[in-house]
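The values are calculated or read from the model by the stated rules, or taken from the named source; none is laboratory data. Given the structure is predicted, the values throughout are model-derived calculations rather than measurements. Positions of Cβ are backbone-derived with ideal geometry, glycine not excepted, and every protein chain shown enters the neighbour counts. Heads up: the accessible areas ignore ligands, DNA and RNA and are worked out on the full protein's heavy atoms, side chains in. Shrake-Rupley method; radii C 1.70, N 1.55, O 1.52, S 1.80 Å.
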Amino acid sequence: MSRRFLILVVNLLLALSLCAKAASFSVGSRSILRSIGVNENNGGADNAVELNVTNFDAVLGETPATYAVVEFFAHWCPACRNYKPHYEKVARLFNGPNAVHPGIILMTRVDCALKINNKLCDKFSVSHYPMLFWGPPSKFVAGGWEPKQEKSEIRVIDDARTADRLLNWINKQTGSSYGLDDGKFENEHLPSNISDPGQIARAVYDVEEATATAFDIILSHKMIKSETRASLIRFLQLLVAHHPSRRCRKGSAEVLVNFDDLSPSHMQSTDKQEVITSNGKGALGNFQICGKEVPRGYWMFCRGSRNETRGFSCGLWVLLHSLSVRIDDGESQFTFTSICDFIHNFFICEECRQHFYEMCSSVTSPFNTTRDFVLWLWSTHNKVNERLMKLEASLNTGDPKFPKIIWPPKQLCSSCHRSRSQGGAKFSQIDWDEDEVFKFLTSYYGKTLVSLYKDKDSLRNDGIDGAVEDLVVSTNAVVVPVGAALAIALASCAFGALACYWRSQQKNRKPRRSWN
């Protein structure tokens, strides 16, 4: 009897250990079975994005990709395991920081063997494994598929048994000629249609990328010190209130709420800097300011025809302009000082940093209106472009497809230009209609920038906007966004309730047949 009892206890302990390990995986991560070595023969990290019912709509709803492929599979299915290397060969072309053709197709997978995904797989009438669907990402959100459904933009991929056949199918749908051996994205083939104002809509993803990159640079170079701490807090307050991306507003709020615990002011002296940064990037490095999938490692609106051009600097400028048009009149001076101090303390290009701060220092009176600040930032950007035009022309370091210009050009805003003096390549030689310029900037970096978001109201009422009701102008004051903290807490509770709901709704499922 004692031996049986001992065996029972050992089995129970093993079961509890496995449960604890499974519980440690966050929502959206791979299941524990696949995490402990089922994919050892895959030859590297997965490129296909693994989804489940908790993140399916969010990921597909916010991806910058034009198309999505969703593979429904079961981890116990031998055909699925054998098909995965084929799927990953195609996924590596489009997904991940090393993608050959980024931002075009999002390759995803859903494990129907996990009970949490039962209803999701039912919505798409999954009848065999693996089963692949194709369509615009937004059509998958809160959507589904029926075998006899007509006029659906979601289609079953009926010829995908090998990587070659799947890619050929994709090429037919997109009119492309992608190849499995493609090893480099040809930036020189990028379209450059400067007359299309709608292109800025894609920059919302570059603004996220630039925000995450800037935060990573600050942490990697250990730039949070006693003399820079306050300026970072003020800039985070600005992001919480006015960042054009929902994800970055929420992430900035989380960083700000926890900032005092993770980077206490009494530990910011030079001799104690190692205490908080000895573990890589320090405790703040655990926070992903724009979500776990950002940075993605590629640019869209800000992609240059050369890898070393545009990119981060372009994304950062778009972020600053987008902040400038979202503030109220009473926040204009606070925004000006926050941006100037942020660039002075955290922009790592020394020459650029000094030039920008000199232009900040030349301002002699405070800004009283949003219009004044928006136009100052616009003219400052043009002066930077004017200076760089000469340098890049003399050194041949500019982007031939995206040369520096005085902005906006007539193709984008003809009403902004009253007239132009002869030989007028200079900003000061253009007779600007500043009322029209302000109107254009407000639209371009405001509603046009975020036009990829379907629901404009939800963009302004997601529980983070309005969390900082009064951005304190004093350089010594710190506003802690209590509303943001409450939003995060409520989100956590909602997730717990959702998990309980799904557990309570599990039913016996009939097995689906395997794709032979």
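Just name the residue that is surrounded by the most Cβ atoms within 10 Å (Cβ to Cβ) out of those in the stretch 316-345 that are in contact (Cβ under 8 Å) with a residue 60 or more places away in the chain and among the polar types (S, T, N, Q).
My answer is Thr335.
Please verify whether Ser195 is open to solvent by 30 Å² or more (accessible area, probe 1.4 Å) and at pLDDT 85 or above, treating the condition exactly as stated.
For Ser195, the condition - open to solvent by 30 Å² or more (accessible area, probe 1.4 Å) and at pLDDT 85 or above - is not met.
Give the stretch 161-174 a look and list any residue that's open to solvent by less than 30 Å² (accessible area, probe 1.4 Å) and either out of contact with any Phe, Trp or Tyr (no Cβ under 9 Å at 6 or more places or on another chain) or touching a residue at least 60 places away in the same chain (Cβ under 8 Å) (or both), or say none.
Across the stretch 161-174, the qualifying residues are Ala163, Leu166, Leu167, Ile170.
Check His86 against each of (1) of a type outside the set (S, T, N, Q); (2) assigned to a strand (DSSP E or B); (3) touching a helix residue (DSSP H, G or I) at 6+ places or on another chain (Cβ under 7 Å) and name the one condition it does not meet.
(2)
Scan the stretch 270-315 for residues that are open to solvent by 10 Å² or more (accessible area, probe 1.4 Å), at pLDDT 90 or above and either outside any helix (DSSP H, G or I) or closer than 23 Å to Val437 by Cβ (or both) and jot them down.
Of everything in the stretch 270-315, those that are open to solvent by 10 Å² or more (accessible area, probe 1.4 Å), at pLDDT 90 or above and either outside any helix (DSSP H, G or I) or closer than 23 Å to Val437 by Cβ (or both) turn out to be Ser313, Cys314.
Those residues that are open to solvent by less than 30 Å² (accessible area, probe 1.4 Å) and hydrophobic (A, V, I, L, M, F, W, C), I need them from the stretch 59-78; list them, please.
Once the filter is applied, which keeps residues that are open to solvent by less than 30 Å² (accessible area, probe 1.4 Å) and hydrophobic (A, V, I, L, M, F, W, C), the stretch 59-78 yields Leu60, Ala65, Ala68, Val69, Val70, Phe72, Phe73, Ala74, Cys77.
Given the conditions (1) in contact with a strand residue (DSSP E or B) (Cβ under 7 Å, 6 or more places away or on another chain); (2) in a loop (DSSP other than H, G, I, E, B); (3) among the β-branched types (Val, Ile, Thr), which single one is not true for Val100?
(1)
Anything in the stretch 367-396 that is free of Cβ contacts under 8 Å to residues at least 40 places away in the same chain, part of a helix (DSSP H, G or I) and open to solvent by 70 Å² or more (accessible area, probe 1.4 Å)? List them, or say none.
Answer for the stretch 367-396, where residues must be free of Cβ contacts under 8 Å to residues at least 40 places away in the same chain, part of a helix (DSSP H, G or I) and open to solvent by 70 Å² or more (accessible area, probe 1.4 Å): Lys390, Leu391, Ala393, Ser394, Leu395.
Of the conditions (1) open to solvent by less than 70 Å² (accessible area, probe 1.4 Å); (2) within 27 Å of the chain's Cα centre (by Cα); (3) modelled with pLDDT under 95, Cys413 clears all except one; give me its number.
(2)
Regarding Arg155, is this residue charged (D, E, K, R) and buried (at least 18 other Cβ atoms within 10 Å of the Cβ)?
Details: charged (D, E, K, R): yes; buried (at least 18 other Cβ atoms within 10 Å of the Cβ): no.
Here the answer is no, as Arg155 does not meet what is asked.
Are there any pairs with C-beta distances below 9 angstrom linking a residue in the stretch 430-442 that is charged (D, E, K, R) to a residue that is open to solvent by 50 Å² or more (accessible area, probe 1.4 Å) and assigned to a strand (DSSP E or B), with the two at least 6 apart or on different chains, and if so which?
Close Cβ pairs (under 9 Å, with a partner that is open to solvent by 50 Å² or more (accessible area, probe 1.4 Å) and assigned to a strand (DSSP E or B)) amount to Asp431/Arg418; Asp431/Ser419; Asp431/Arg420; Asp433/Arg418; Glu436/Arg418.
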